[in-house]
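The values are calculated or read from the model by the stated rules, or taken from the named source; none is laboratory data. This is a predicted model, so every value here is computed, not measured. Quick reminder, even Gly has a Cβ in these numbers, built from the backbone with ideal geometry, and neighbours come from all protein chains shown.
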Amino acid sequence: MLAQPSPPGPPTLAPHSTAVYVVRPQGGHRALPTSTDQHMYLIAVTGSPMTISTASLGNATHPG
């Protein structure tokens, strides 16, 4: 039985608030890199004020 998707989170957040988002690649699965010198990152960009945030998703041998 497949889990039902959660309702989508808000498209914007108020300052200093938090939310949990599940980000899935097109096709539903993307393998993490297997090389120790390659990592996958999540990058979030805001328009105003303009900020860029990154979070390492790691690789297959060292997640996160």
Legend entry - Of all residues in segment 1-28 being closer than 30 Å to Pro49 by Cα and among the aliphatic types (A, V, I, L, M), the one that is modelled with the highest pLDDT: Ala14
Inset, instruction - State yes or no: is Val45 assigned to a loop (DSSP other than H, G, I, E, B) and not charged (D, E, K, R)? - result: no
Legend entry - Looking only at segment 29-64, and only at residues there that are under 19 Å from Ala14 (Cα atoms) and surrounded by 11 or more Cβ atoms within 10 Å (Cβ to Cβ), the one that is modelled with the highest pLDDT: Ala44
Legend entry - Members of segment 10-42 found to be in contact (Cβ under 8 Å) with a residue 12 or more places away in the chain and among the hydrophobic types (A, V, I, L, M, F, W, C), listed by number: Val22, Val23, Ala31, Leu32, Met40, Leu42
Legend entry - Within segment 8-28, tally of residues that are among the hydroxyl-bearing types (Ser, Thr, Tyr) and surrounded by 10 or more Cβ atoms within 10 Å (Cβ to Cβ): 1
